[in-house]
Structures are given as C-alpha cells and as structure tokens.
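The structure appears below as structure tokens.
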Amino acid sequence: MLNIVTVCGAGVGSSMMLRVFAQQVLAEEGIQANVEASDIGSVSADNYDVVITTSDFADILRHSKAKIVRIDNMMDKELLRTELLKVIQ
C-alpha cells in the first residue's frame, strides 16, 4: 500500500483539501493508499512514497527520497489525477 502525504504551511488548509481530492482520485482509480495531511515544519517526507504539495514546498522537500507531485492550482482535480498517476504507475 502506498503512503502519501499532502503538505502545506500549517497542515490544515490546502493540505487537507489536497488530501480529500487525492483520496477521491485514488478511490476512483481503484488504488489503495494511506493519505495523510501535514505541515511543512513537521513532515518527514522520507517516510512517504509520494508527497503532494505546492511548488514552494516542493523545492524545500526536493532532496527527499519520496516522489514529489507539484500542484499549484488546488482546485484542478484533473491535474492532480494526471500528476499523481504519473508518479505511482
């Protein structure tokens, strides 16, 4: 099972929205994964297979062994689907 984390500044706004969207996409695709939300200050990105975040935080996490999905338009669920499926398939 994949371990995925969504990351934002405080861990309660955009990361929670991305978490919900990611769970919806994964369910629609029949992919089992554990999806959590976190803030940039406390996330241990190496503990995850995939990190979903904005470009600003992606640059901070770029040395992680996790695959990084950059999503700057949080409302674009189809972009999230496309980018997430690219890194997990």
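Overview of values
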{"quantity": "Test: ARG70 is surrounded by 16 or more Cβ atoms within 10 Å (Cβ to Cβ) and of a type in the set (Lys, Arg)", "calculated": "no"}
{"quantity": "Matching residues, the stretch 22-38, being open to solvent by less than 40 Å² (accessible area, probe 1.4 Å) and not hydroxyl-bearing (Ser, Thr, Tyr)", "calculated": "ALA22, VAL25, LEU26, ALA33, VAL35, ALA37"}
{"quantity": "Single residue of the stretch 1-20 satisfying the filter (at pLDDT 90 or above and among the polar types (S, T, N, Q)) that is nearest to ASP72 (Cα to Cα)", "calculated": "THR6"}
{"quantity": "The stretch 21-43, residues that are closer than 21 Å to LEU61 by Cβ and either of a type in the set (A, V, I, L, M, F, W, C) or modelled with pLDDT under 90 (or both)", "calculated": "PHE21, ALA22, VAL25, LEU26, ALA33, VAL35, ALA37, ASP39, ILE40, GLY41, SER42, VAL43"}
{"quantity": "Per-region count, the stretch 13-69, residues in contact (Cβ under 8 Å) with a residue 12 or more places away in the chain and not in a helix (DSSP H, G or I)", "calculated": "26"}
{"quantity": "Qualifying residue in the stretch 4-15 (condition: under 10 Å from the mean Cα position of the chain (by Cα) and open to solvent by 40 Å² or more (accessible area, probe 1.4 Å))", "calculated": "no"}
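The values are calculated or read from the model by the stated rules, or taken from the named source; none is laboratory data. What you see is a predicted model, and the numbers here were worked out from it, not measured in a lab. Don't worry about glycine lacking a Cβ; one is built from the backbone with ideal geometry, like all the others, and counts go over all protein chains shown. Heavy atoms of the whole protein, side chains included, go into the accessibility calculation; ligands, DNA and RNA do not. Shrake-Rupley method; radii C 1.70, N 1.55, O 1.52, S 1.80 Å.
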